[in-house]
Amino acid sequence: MGTRASLRAVPVEPDDVLAAVSQRTSRRHFGTGVLPMRYEDPIRVAEDASTLDLLSGGRLELRLSSGIPTPGILDPVFGSSPVGFSAESQKRVLRLREALAGAALVNSGEGFMSIPTHTDLRVSPPAPGLVDRLWYGAGTVSSAARTGAQGFDLQVSTLNGEETGVSFEERQLAQIRAYREAFAARVGQAVGGRRAPRITAGRIIVPLDNDADRAEHRAFIDGYRSVMPADGRHHDPSEKLRFSRIFDGSPERITDDLLADSALSEATQLMVTLPAEGSLASHKRILQTIAERIAPHLGWAGATPAAAAAPDYGTAA
């Protein structure tokens, strides 16, 4: 579920929606994509996430980011920090992991309400295993390397937060490789038991297989392409960003283009980003087309009877 730090946010918390999802699914993993930690209380996030993970039977994938810097605009709402945006974000990310790992957060000292004296207080309820399902959304080579060194899983998306003159896919591939190298260097130090890194790459995929979908999504596709050159650079050269292309057209063409994506070839998961506009029916058709006519050619086997009890890490945002 996509989340943003905004006063125009969805009128319910992500946890509320995901809790409902957890009670209507039994196998699919789900989660945030991504939670902007500069604007979150890490202990509250840990408590809510632990509860949600227990409700779902251990299926929550908690995807984090620093958030979007807003030059102090949101400080009156979320508070200012003397250490700066990036350092404050990282402090909260690591505090969240510490809390989920079961660390003592504070001691009750001489007693607090009904809590006995000198009791170490931890996040409750504990959710064993959730600390090993933390992702970080990186957009640069340096942040990807830091993510690997910290032992998080990696999420790269449809935006690179740096511009170096190479293509979107080439730079994202460099991010993935920097992450893998840093992750491998810290094997044996990770929190939790899993050691194989997971990497999700997000792509905007819009199969146009009938006139209705072509008509419904044309404005979104044309609008997306109108704000940037074909290579994904920002029109304003001072903005050091590069955007991913939209994968649209026939399922066959999309399949060929995804297979040729050098960054995607080194990811372990594909995250489908749906058009920002469109009806529920058209979004369902997109997902069905991807599941039936695109994903099998990328190595996805689907929900076979033999795999019914296995976790499904596929997600759509």
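Just want the answer: with Cβ charges of +1 for Lys and Arg and -1 for Asp and Glu, which residue in Thr273, Pro42, Leu105 is farthest toward the dipole's positive end in the chain? It is Leu105. Here r is the Cβ-Cβ distance between Asp231 and Thr117 and R0 is 45 Å; the resulting FRET efficiency, rounded to 0.05, is 0.10. Annotation: amide H-H contacts under 5 Å for Leu134 (H modelled 1.01 Å from N, sequence separation of 5 or more, or interchain): Asp153. This model, with +1 at the C-beta of Lys and Arg and -1 at the C-beta of Asp and Glu, gives region 138-301 a dipole about its Cα centre of some 700 debye.
Toward the positive end of the charge dipole of the chain, with +1 on the Cβ of Lys and Arg and -1 on the Cβ of Asp and Glu, the farthest Cα among Leu55, Ser167, Phe220 is that of Leu55. Taking a Cβ cut-off of under 15 Å around Arg242, the surrounding Lys, Arg, Asp and Glu residues balance to a net charge of -2, with basic ones at +1 and acidic ones at -1. Sorting the Cα pairs of region 138-301 by distance into bins of 5 Å, from 0 upward, gives 1, 9, 17, 18, 17, 15, 11, 7, 3, 1, 0 percent per bin. If you wrap region 41-160 in the convex hull of its Cα atoms and look at it from every side, the mean projected area works out to 9.6 nm².
Sorting 50-59, 291-300, 198-207 by average packing, meaning the other beta carbons within 10 Å per residue, from highest down gives 198-207, 50-59, 291-300. A Cα-only calculation for the chain places Rg and Dmax at 20.6, 71 Å. The Cα-based radius of gyration of region 239-309, divided by its Kirkwood radius, gives an Rg/Rh of 1.00.
A simple count of charges around Ala103, restricted to other residues whose Cβ falls under 11 Å of its Cβ and scoring Lys, Arg +1 and Asp, Glu -1, yields +1. This model, with +1 at the C-beta of Lys and Arg and -1 at the C-beta of Asp and Glu, gives the chain a dipole about its Cα centre of some 480 debye.
Each reported figure results from applying straightforward, stated rules to the coordinates on display, with no laboratory input. Values in this document were obtained by computation on a predicted structure and should not be read as measured data. For neighbour counting, all protein chains shown are included, and Cβ atoms are generated from backbone atoms with ideal geometry for every residue, glycine included.
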